[in-house]
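Enquirer: Next up is a structure, given as structure tokens.
The values are calculated or read from the model by the stated rules, or taken from the named source; none is laboratory data. Since the structure is predicted, the reported quantities are computational estimates derived from the model, not experimental observations. Cβ atoms come from the backbone with ideal geometry, glycine included; neighbour counts cover every protein chain shown. SASA here: full protein model, heavy atoms, side chains in, ligands and nucleic acids out. Shrake-Rupley method; radii C 1.70, N 1.55, O 1.52, S 1.80 Å.
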Amino acid sequence: MLKIESLDVAYGGLRALDGVDIEVAQGQFVAVVGPNGAGKTTLFRAISGTVTPRGGSISYDGHDLLAVPAARRPHLGIAHVPEGRQVFPSMTVLENLEMGAYTEAGRRRWRDTREVVFQLFPVLQERQGQLAGTLSGGEQQMLAIGRGLASAPKLLMLDEPSMGLAPAVADTIFDRIQQIHREHGVTVLLVEQRVAEALESCDLGYVLETGRVVMQGSHDALIADERVRKAYLGL
Amino acid sequence: MSAFELFAIDFLQALVAGLLVGGTYALMCVGLGMIFGVMRVVNFAQGDFFMLGMYAAYYVATALGVMAVLGPYVGPVIAGLAAGPVVFAVGWVLHRFLVGRVTGVAAVGTEGEGHYAQIILTLGIALVLQNGGLILFGSLPLSIPTPMSRASWEIGELLVNQARTVSFGVAIVVALLLYLFLKRTPLGKSMRAAADNPEAALYMGIDVDRSHRTAFALGCGVTAIAGGLIASSQSFQPYIGFDFVITMYAGVVLGGLGSILGAFWGGMTIGLVQQMSTLVLPFQLQNTAIFVVFLLIIFLRPHGMFGRSADRT
């Protein structure tokens, strides 16, 4: 579904991504883990089109994604839930969700997706008239995910959904992400610093360090890998 | 009549005049506030779009014969409204070929340099419009000849200028329509989203550049309507934009940079202060009074009346 080949991104002279290959198949849950500054957010930005790669290719669903303008990419079924949530603070919760449903598919299926989002995150229904800027961090994250889902995506990309959240709240968020993947058949690409939680739910994992994929493998292989256990799982 | 009664009448007279002037100022500020609120661009040429609005209204009223057909009462109002679409088109083209190159997605990543380019560009557009206006329209002051500008309705002891009252009503209706557009329509909502967070808006599939272009053109058009309305109660020449752009900025900052509702009330406040100051200060100090009040409000509320710069990232 998504195939990234030898992707190079540089900011000025600084190499953020260096020959990255990542593949996501339909229906999979793929996690990209790694420390701060590994290039995880840059990877997402390249997929969404807010940074322009220096080399490499990204193909999605038969499209050469790099030839598609950034504003068109969500309409192909890619939902990007950005790092730091980035809800629209001066708009209400419901308006934020409506913005998620700005894509053609989202608009068509708005009534159903809205119900799905409200079932996943009942607090959003309770607060639908409230300004998003006044929500707590956890609620904003739920809104950001809900907004992504409202676009009726085929591929849901989540950038550090646990960032800045209390552990219990982060657990809820991870549970919901798994539920979205299982029950709604959405392909998930997750980027996380919380390696244990991210690897726990994935089918396939990539370890990104300073712009390179240093390891990749199935869930079982990575969990069993000595280096991963030592460096990331603290075992 | 006692001295107090006389003062009370003067006070009410100034209050009414302030509200009427404030209504058109509010609309003028809303145009500028919209451009800044959505695009974060400081548009120095806004006063000159206001001037273009005045001339557009003048030529629609006279040369196109709108006044001759609709009469001296309805004609100026229709001409004032017609200035909107005309200057909207000018703004659209300017954004498409010039402003869009240094703003929006194109300017992402060139934070500092992007802003310098924006300032120089809008300043340049201002100069071209002013001097181009001088060549095209001439330096002779003009005004839309309507009997309403000198006629007043008498309400008790109060005199209410007809031209200003009509302009006030039209300005409020236009501002209200714009408000509903932004609040209710999908296009309006997507523009607010692009204003709140352009990056996230892009992730929603919103064409941020198109939102910006619409906001810029609408902002120009709305300010031009204010100009077109004021053109029937004030004479103007190609350099008049400069007088108004400062007032406009005072209103927008007063209301709170980035807030369109704030721009409305900021403009209203400017109108009220300007007219009410004549009660206690000589006529020539009107603008001084505006800035004294401006400084006071900014001193007490640095983000302005409706400021929300704190919650923006």
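Enquirer: 222 nm [θ] for chain A, helices only, -39500 (n - 2.57) per DSSP H run of 4+, per residue, to 500?
Expert: Rounded to the nearest 500, the figure is -10500 deg cm²/dmol.
Enquirer: What average count of beta carbons from other chains do you get within 10 Å of the Cβ of residues in B:189-201?
Expert: 6
Enquirer: Ok, one more. Using modelled amide H (1.01 Å from N, peptide plane; none on Pro or chain starts), what sits under 5 Å from the amide H of B:Ser152, excluding residues fewer than 5 places away?
Expert: Under 5 Å from the amide H of B:Ser152: B:Gln162.
Enquirer: Just reorder A:Ile223, B:Ile120 by solvent-accessible area, largest first, 1.4 Å probe, all chains present.
Expert: B:Ile120, A:Ile223
Enquirer: Quick check for me: using +1 on Lys/Arg Cβ and -1 on Asp/Glu Cβ, what's the dipole size of chain A about its Cα centre, in debye to the nearest 20?
Expert: 500
Enquirer: Oh, and also: Taking H placed 1.01 Å from N in the peptide plane, check which residues at least 5 places from B:Gln234 or on another chain put their amide H under 5 Å from its amide H.
Expert: B:Ile144
Enquirer: Still on this structure, I have one more. Applying 1/(1 + (r/R0)^6) with R0 = 51 Å to the Cβ-Cβ distance of B:Leu300 and A:Asp21, what FRET efficiency is obtained, to the nearest 0.05? Working shown, then result.
Expert: Details: r = 58 Å, r/R0 = 1.14.
It comes out at approximately 0.30.
Enquirer: Moving on to the next point. Tilt of helix B:162-184 relative to the longest C-alpha principal axis of chain B, in degrees (0 to 90, nearest 10)?
Expert: 30
Enquirer: Something else about it: I'd like the Karplus ³J(HN,Hα) series for the stretch A:58-68: coefficients 6.51, -1.76, 1.60, θ = phi - 60°, whole numbers in Hz, and an x wherever there's a Gly or Pro.
Expert: 10, 10, 9, 6, x, 9, 7, 4, 5, 8, 9
Enquirer: Another one. Please express the Cα-Cα pair-distance distribution P(r) of chain B as a list of whole percents, one per 20 Å bin, running from 0 to the bin with the greatest distance.
Expert: 33, 57, 10, 0
Enquirer: In chain A, what % of DSSP beta bridges are antiparallel (nearest 5)?
Expert: 55
Enquirer: Here is a follow-up. Using the per-residue mean of other Cβ atoms lying within 10 Å as a proxy for protection, in what order, highest first, do the peptides A:142-154, A:162-174 fall?
Expert: The densest-packed peptide leads the list: A:142-154, A:162-174.
Enquirer: Shifting gears a bit: Across the stretch A:162-178, in residue order, what do the Karplus-derived ³J(HN,Hα) couplings come to in whole Hz, using 6.51 cos²θ - 1.76 cosθ + 1.60 with θ = phi - 60° and x for Gly and Pro?
Expert: 8, 4, x, 9, 5, x, 5, 5, 4, 4, 4, 4, 4, 4, 5, 5, 4
Enquirer: Right, next: Please label the shape of the stretch A:129-182 as rounded, prolate or oblate, based on the square roots a ≥ b ≥ c of the eigenvalues of the alpha-carbon gyration tensor (a/c under 1.5 means rounded; beyond that, a/b larger than b/c means prolate, else oblate).
Expert: Details: a/c = 2.05, a/b = 1.16, b/c = 1.76.
Since a/c reaches 1.5 but b/c is at least a/b, the shape of the stretch A:129-182 is classed as oblate.
Enquirer: Given the -39500 (n - 2.57) contribution per DSSP H run of 4+ residues, what per-residue ellipticity at 222 nm results for chain B, rounded to the nearest 500 deg cm²/dmol?
Expert: Value at 222 nm, helices only: -24000 deg cm²/dmol.
Enquirer: Given the C-alpha atoms of the protein assembly as shown, compute the convex hull and give its volume per residue in Å³.
Expert: 177
Enquirer: Sticking with this structure for a sec: What angle do you read, to the nearest 10 degrees and between 0 and 90, between the alpha-carbon axis of helix B:3-39 and the longest principal axis of chain B?
Expert: 20
Enquirer: Given a Förster distance of 25 angstrom, what is the FRET efficiency for B:Phe97 paired with B:Thr185, based on the Cβ-Cβ distance and rounded to 0.05?
Expert: It comes to 0.40.
Enquirer: Rank A:Arg15, A:Arg229 by accessible area, highest first, at a 1.4 Å probe radius?
Expert: Greatest to least solvent exposure: A:Arg15, A:Arg229.
Enquirer: Against the longest principal axis of chain A, how steep is helix A:110-120, in degrees 0 to 90 to the nearest 10, with axes from Cα atoms?
Expert: 70
Enquirer: Averaged over its residues, how many other protein chain Cβ atoms are within 10 Å of peptide A:78-90's Cβ atoms? Write down the numbers at each step before the final one.
Expert: Working: counts 2, 3, 6, 2, 5, 0, 2, 3, 7, 4, 10, 6, 11.
Other-chain Cβ atoms within 10 Å of each residue's Cβ, averaged: 5.
Enquirer: If you average the C-alpha positions of the stretch B:216-286 and of the stretch A:14-54 separately, how far apart do those two centres end up, in angstrom?
Expert: Here the answer is 49 Å between Cα centres.
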